[in-house]
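To start, the structure under review is shown below, and the notes come after it.
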Amino acid sequence: METNEPLVRVRNLKKHFPIRRGIVFERTVGIVQAVDGVSYDIYRGETLGLVGESGCGKSTIGRTMLGLYPPTAGSVNIAGIEVTTARGAQMRLLRRKAQMIFQDPFASLNPRWTVSAIVGEPLRIHNLEPDRQRRDERVKELLELVGLSGRHVNRFPHEFSGGQRQRIGIARALASNPDFIVCDEPIAALDVSIQAQVVNLLEDLQTQLGLTYLFIAHDLSMVRHICDRVAVMYLGGLVELAASDVLYEHPLHPYTQALLSAVPVADPKVARKRQRIVLQGDVPSPINPPPGCRFHTRCPIAQPHCAQVVPEWRQAQPDHWVACHEVEPKQGF
Amino acid sequence: MKQDPALLNVHDLQVRFHTPEGTIYAVNGISFHIAEGEAVAVVGESGSGKSVCMMSLLGLIPIPPGEIVSGTAVFLERDLLKLPEKELELVRGRDIGMIFQDPMTSLNPVLTLGRQLTEALVRHFNLTAEEARNRAIELLQLVGIPDAASRLGNYPHQFSGGMRQRVMIAMMLACNPKLLIADEPTTALDVTIQAQIVELVQEIRAKLRMSLIWITHDLGVVAGLADRVLVMYGGTIVEEADVESLYERPQHPYTLALLAALPRVHQRRQSRLKAIPGAPPHLILELTGCPFAPRCEFVRDRCWRERPLLQPVSPTQKTACFVNPHTGEERA
Amino acid sequence: MTTIEPPARIGLAGGDVEAPPLSPGQMAWRRFRRHKLAMANAVLLILLFVYSFGGAFVYSEAYANYNDTTKRLQPPSWEHPFGTDTIGRDILARTIYGGQISLLIGITAVLVQLVIGILIGALAGYYGGLLDSLLMRFTEAVLTIPGLFLLLIMAKYFTGKVPDITLLGRTYSGSVVVIVLIIGLTSWPRLARIVRAEFLALKENDFITAARATGTPNSQIIFRHILPNTVAPIVVTATLSVAGAIISEAYISFLGLGVQPPTATWGNMITGSTNYIEGAPWLWFFPGLLILLTVLSINFVGDGLRDALDPRSRPE
């Protein structure tokens with residue numbers, strides 16, 4: 001971490017999706033509480049990991065933070081820009097300064113555009129290189145920066161492998177010189193032998209360009225490797241946030257503990273001896289989440305009050321946030 | 001290696017696909033066996049031929065464009081590759097059970113679960129409707145579906161991903177197969193659900209003494225699950241070893257590199273992951289050398305010209321490589 | 001950082017084999033060429049165009065409309081290869097000029113359909129919500145009107161009220177414009193629904209999210225990002241609609257409500273032949289055959305385009 005100044009500040013962010021039915025006059029028949037009141041900071045130059053199981057709302061957070069979904073409540077501040085109210089010039093600045101990398105290297109590139117048009121789009125939209133030739137030069141530079149050959153500018157996405165397409169997507173995200181990049185499961189769709197390439201590239205770029213990442217993933221091993229701090233999400237809310245070594249070695253929340261114990265370990269000796277906390281049942285639906293602590297239906301240590309009172313998001317130890325009634329704060333803190 | 005009687009013995013299997021873009025050399029002469037009661041993991045990336053290989057044994061690849069060029073697959077003294085479709089269907093339903101990555105594709109969305117389960121039972125075992133229903137409930141309980149009796153009336157979409165996978169396992173168990181082939185059954189599931197399914201399969205295997213072939217790309221899942229591992233790359237088996245030896249001392253440069261590229265959840269951050277350069281091969285030309293040669297740090301001249309064969313290097317381990325990746329020297 | 005270079009070929013090809021870069025359009029053309037039936041029909045279609053538009057250099061329009069009552073209902077001969085009609089006009093020359101009108105009506109009606117269909121489908125699909133509901137209910141309303149019925153009523157009502165127009169040195173009766181507009185205005189709903197469905201699916205793609213995250217304006221997302229990805233169904237629908245429009249024109253003209261004589265169309269040429277079906281089959285045979293060939297070849301070309309443009313048949 002270069003400074004202690006947060007680049008991104010998220011406060012009580014909520015995103016609810018109404019489920020609508022009807023022909024012309026729609027009525028709301030239910031609400032998916034995809035993200036329900038999360039707060040955290042991301043410091044300049046760090047990588048914050050956001051982990052959770054599918055449907056927990058982690059991708060929705062990333063998109064809502066960038067203003068791609070209008071938030072239901074709360075505030076997001078990125079580099080001094082209030083995302084929820086930004087308009088006009090402020091919004092355009094945000095679109096330059098915050099970018100996104102996607103999971104699916106096939107769906108994230110327009111199949112009808114050349115690599116040059118794809119990577120050059122942010123330059124064109126923000127008029128960063130008005131001169132056509134300069135723009136092409138810059139696109140080549142960007143491709144070389146992500147480890148692709150500048151000769152490939154006139155090719156179409158279908159001519160590249162998954163890993164190479166992911167590099168093209170990264171080059172596009174870098175084109176407008178952003179400070180902050182939301183990486184939405186950037187390696188989940190790649191072959192194992194390619195994942196390390198892309199992770200190394202992201203790390204190199206961070207060092208070289210001073211980038212700040214929100215790294216959304218479900219692969220806990222990779223998250224530990226790449227992230228400085230990790231936030232764990234369950235059913236629309238954060239349950240724990242701490243520096244990654246602290247979180248992996250001393251998890252406080254029972255969900256984090258269960259999640260970590262379920263991670264497959266590539267070592268047969270460890271794998272056979274390990275005590276697994278196997279959670280019973282499935283994640284409840286975010287349409288009607290359980291009252292009180294949302295995890296209480298599957299929690300191995302749940303108490304009666306867990307079903308009634310929503311646990312407070314608090315620091316149980318310095319810089320170790322948790323939302324659980326049953327975790328005691330450290331003595332003397 | 002254990003000398004149990006082999007349940008399945010595959011020899012020199014070669015599979016190709018003839019597409020408009022050219023011939024894909026998907027499986028290039030692989031041989032392996034599965035002993036009775038053994039759990040074997042087949043590990044490989046996309047395009048390594050791991051699924052095609054198993055599916056072709058069961059007659060589940062479309063022919064054409066597919067073509068089984070050569071090979072034998074002896075299962076219970078019969079060559080699966082030569083069985084007529086009718087008999088193979090029986091083998092698939094009764095002796096070999098299968099579960100897939102996406103259970104939804106194997107369930108009929110417009111029929112209730114009970115109907116799908118009991119129909120199979122009535123057909124294969126001549127049970128009465130009442131008996132079949134009781135057996136179905138028993139099976140659902142066996143795979144840990146709570147409130148089994150009432151869930152028989154539900155449709156597949158009313159189950160979550162993990163529950164559907166359990167249902168698939170129950171359907172597969174209905175016929176009490178000798179061999180279970182699981183093709184990436186947990187890839188689409190979350191880690192906590194994956195742990196549940198792995199546990200379930202382990203339990204059932206111990207209870208029913210089934211052999212297991214678990215196809216996956218995840219070296220992590222395999223470690224706690226398999227007795228023996230086949231590592232596939234470019235349509236060939238590059239390494240075959242019992243699970244301890246494989247993780248302790250991998251003998252093929254690909255296995256070694258793959259394990260080195262994995263971040264470990266129990267280790268503090270290393271400086272950098274050891275990435276494997278390049279991309280997996282496309283297999284549009286016939287294999288004349290080692291498929292891993294273009295990405296291999298130990299590559300020799302002969303690797304491009306000659307195909308290394310799977311050779312034993314220790315009592316528990318075989319590898320298809322001219323070089324010992326630990327010493328960097330050519331093997332004798 | 002090192003550049004990722006394609007691995008050498010050693011009996012297997014790596015991530016990117018050096019090959020001349022092919023655009024999606026070029027790949028589609030390659031696939032289309034392989035489709036023998038579609039290629040043969042594309043050639044036939046071109047020949048039909050050459051026949052209709054090139055034939056004008058052999059016969060003048062005045063000749064096509066010239067009637068010699070002494071030569072009524074003559075069977076095919078060297079002088080009149082397709083015979084003559086009920087008032088002694090040369091059928092060959094009339095099929096040439098009639099073909100021009102029929103093909104022009106087909107194409108321009110589809111242009112009208114494209115403009116309306118794409119606009120409504122794109123707006124409804126991209127913006128969704130209330131706008132989508134309103135536009136789609138309107139589309140369904142138009143769709144439920146029996147097209148042929150509307151066509152007949154409007155043709156009857158407007159014919160004669162629109163002045164003639166002159167285009168590219170030819171004068172067209174106002175009824176041609178009326179027919180084009182009527183066919184165009186009644187045929188867009190199907191296209192609008194197809195375009196909407198495509199937009200609904202495509203706008204969920206991450207490349208659209210990426211464009212939005214970059215601040216690309218909606219107009220550019222619609223017309224530069226999404227629309228080019230819908231060419232396949234649009235081209236296929238439009239192609240097949242040309243055939244539909246030609247048939248519609250033939251229907252109304254056959255019923256005497258379409259393009260008015262002396263301007264010939266393949267449709268109105270058949271009109272007068274009903275009384276001579278057995279006596280003078282050449283009256284209906286040649287225009288009928290031309291309609292049949294045109295519609296069939298357009299349909300086969302459309303099928304070929306569908307196969308060639310369908311992204312699912314892309315290699316990989």
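The values are calculated or read from the model by the stated rules, or taken from the named source; none is laboratory data. All figures in this text were calculated on a predicted structure; none of them were measured in a lab. Note that each Cβ is placed from the backbone with ideal geometry, even for glycine, and that neighbours are counted across all protein chains shown. These accessible areas exclude ligands, DNA and RNA; they are computed on the full protein's heavy atoms, side chains included. Shrake-Rupley method; radii C 1.70, N 1.55, O 1.52, S 1.80 Å.
Residue by residue through segment B:237-266, note down the ones that are open to solvent by 10 Å² or more (accessible area, probe 1.4 Å) and assigned to a strand (DSSP E or B). Listed by number, the residues that qualify are B:Ile237, B:Asp242. Filtering segment A:146-167 for residues that are away from chain C (no Cβ under 11 Å) and either open to solvent by 30 Å² or more (accessible area, probe 1.4 Å) or in a helix (DSSP H, G or I) (or both) leaves a non-empty set.
Restricting the first member to segment B:179-193 and to residues that are under 16 Å from B:Ile96 (Cα atoms), and the second to residues that are among the aromatic types (Phe, Trp, Tyr), the beta-carbon pairs closer than 6 Å and six or more apart or on different chains are B:Ala182/B:Trp214; B:Asp183/B:Phe100.
Restricting to segment A:126-145, and then to whatever is in a helix (DSSP H, G or I) and at the interface with chain C (Cβ under 10 Å from one of its Cβ atoms), can you tell me which residue is nearest to C:Phe207 (Cα to Cα)? Checking each candidate, the answer is A:Leu143. Kindly establish whether C:Gly215 is of a type outside the set (S, T, N, Q) and away from chain A (no Cβ under 14 Å). Considered against the rule, which asks whether it is of a type outside the set (S, T, N, Q) and away from chain A (no Cβ under 14 Å), C:Gly215 comes out as no. Being surrounded by fewer than 21 Cβ atoms within 10 Å (Cβ to Cβ) and in contact with an Asp or Glu (Cβ under 8 Å, 6 or more places away or on another chain) is a property that holds for B:Pro177. State whether one or more residues within segment C:165-173 are assigned to a helix (DSSP H, G or I) and of a type in the set (D, E, K, R). No, the conditions are met nowhere in segment C:165-173. Just a yes or no: is a residue in segment B:276-295 open to solvent by 50 Å² or more (accessible area, probe 1.4 Å), touching a His at 6+ places or on another chain (Cβ under 7 Å) and modelled with pLDDT under 85? No, there is no match, as no residue in segment B:276-295 is open to solvent by 50 Å² or more (accessible area, probe 1.4 Å), touching a His at 6+ places or on another chain (Cβ under 7 Å) and modelled with pLDDT under 85.
Among all positions in segment A:253-263, there is at least one residue which is open to solvent by 10 Å² or more (accessible area, probe 1.4 Å), in contact with a helix residue (DSSP H, G or I) (Cβ under 9 Å, 6 or more places away or on another chain), within 11 Å of chain B (Cβ to nearest Cβ) and of a type in the set (Ser, Thr, Tyr). Selection over segment C:77-91 of residues that are within 18 Å of C:Val58 (Cα to Cα), within 33 Å of the chain's Cα centre (by Cα) and surrounded by fewer than 18 Cβ atoms within 10 Å (Cβ to Cβ) gives a count of 1.
Being at pLDDT below 75 and open to solvent by 100 Å² or more (accessible area, probe 1.4 Å) is the filter here; which residues of segment A:1-30 pass it? Walk me through it before giving the result.
Going through segment A:1-30, the residues at pLDDT below 75 turn out to be A:1-4, A:22-26.
Of everything in segment A:1-30, those that are at pLDDT below 75 and open to solvent by 100 Å² or more (accessible area, probe 1.4 Å) turn out to be A:Met1, A:Glu2, A:Asn4, A:Ile23, A:Phe25.
The helices (runs of 4 or more DSSP H) located wholly in segment B:144-228 that include 2 or more residues which are acidic (Asp, Glu) occupy B:191-208.
Suppose the filter is out of contact with any Cys (no Cβ under 9 Å at 6 or more places or on another chain), closer than 14 Å to A:Arg167 by Cα and surrounded by fewer than 17 Cβ atoms within 10 Å (Cβ to Cβ); does A:Glu137 pass it? When the stated conditions are applied, A:Glu137 does not pass them. Quick check on segment C:291-308. Is at least one of its residues within 14 Å of chain B (Cβ to nearest Cβ) and open to solvent by 40 Å² or more (accessible area, probe 1.4 Å)? Yes, that holds for at least one residue. Just one of C:Ile221, C:Ile246 is touching a residue at least 24 places away in the same chain (Cβ under 8 Å) and surrounded by fewer than 23 Cβ atoms within 10 Å (Cβ to Cβ); which is it? From the options C:Ile221, C:Ile246, the qualifying one is C:Ile221.
Kindly establish whether B:Val231 is touching a Ser or Thr at 6+ places or on another chain (Cβ under 6 Å), within 7 Å of another protein chain (Cβ to nearest Cβ), farther than 19 Å from B:Leu179 by Cβ and not small (Gly, Ala, Ser). No, not satisfied.
Is there a residue being outside any helix (DSSP H, G or I) and of a type in the set (S, T, N, Q) anywhere in segment B:107-118? Looking for residues that are outside any helix (DSSP H, G or I) and of a type in the set (S, T, N, Q), one finds at least one in segment B:107-118, hence yes. Once segment A:64-76 is narrowed to residues that are outside any loop (DSSP other than H, G, I, E, B) and over 16 Å from the mean Cα position of the chain (by Cα), the residue that is farthest from A:Tyr213 (Cα to Cα) is A:Ala73. Considering only segment A:291-305, I want to know if a residue exists there that is under 17 Å from A:Ser54 (Cβ atoms), in contact (Cβ under 8 Å) with a residue 12 or more places away in the chain and open to solvent by 10 Å² or more (accessible area, probe 1.4 Å). Yes, because at least one residue in segment A:291-305 is under 17 Å from A:Ser54 (Cβ atoms), in contact (Cβ under 8 Å) with a residue 12 or more places away in the chain and open to solvent by 10 Å² or more (accessible area, probe 1.4 Å). Taken over segment A:103-116, residues that are more than 8 Å from chain C (Cβ to nearest Cβ) and open to solvent by 40 Å² or more (accessible area, probe 1.4 Å) amount to 1. Residues of segment C:197-218 that are buried (at least 19 other Cβ atoms within 10 Å of the Cβ) and assigned to a helix (DSSP H, G or I): C:Glu198, C:Phe199, C:Leu202, C:Asp206, C:Phe207, C:Ile208, C:Thr209, C:Ala210, C:Ala211, C:Arg212, C:Ala213, C:Thr214. Among the helices (runs of 4 or more DSSP H) confined to segment A:215-333, the ones with at least 2 residues that are within 30 Å of A:Tyr43 (Cα to Cα) and not small (Gly, Ala, Ser) are located at A:220-226, A:244-249, A:254-262. Quick one: would you say B:Asn154 is surrounded by fewer than 24 Cβ atoms within 10 Å (Cβ to Cβ), within 30 Å of A:Pro284 (Cβ to Cβ) and touching a helix residue (DSSP H, G or I) at 6+ places or on another chain (Cβ under 9 Å)? Yes.
Is there a residue being open to solvent by less than 10 Å² (accessible area, probe 1.4 Å), in contact (Cβ under 8 Å) with a residue 60 or more places away in the chain and among the small types (Gly, Ala, Ser) anywhere in segment A:204-213? Within segment A:204-213, none of the residues are open to solvent by less than 10 Å² (accessible area, probe 1.4 Å), in contact (Cβ under 8 Å) with a residue 60 or more places away in the chain and among the small types (Gly, Ala, Ser).
Can you find a residue that is within 7 Å of chain C (Cβ to nearest Cβ), assigned to a helix (DSSP H, G or I) and open to solvent by 40 Å² or more (accessible area, probe 1.4 Å) anywhere in segment A:92-102? The answer is yes; a qualifying residue exists.
Checked against (1) of a type in the set (Val, Ile, Thr); (2) within 25 Å of A:Val51 (Cα to Cα); (3) in contact with a helix residue (DSSP H, G or I) (Cβ under 6 Å, 6 or more places away or on another chain), A:Ile125 meets all criteria but (2).
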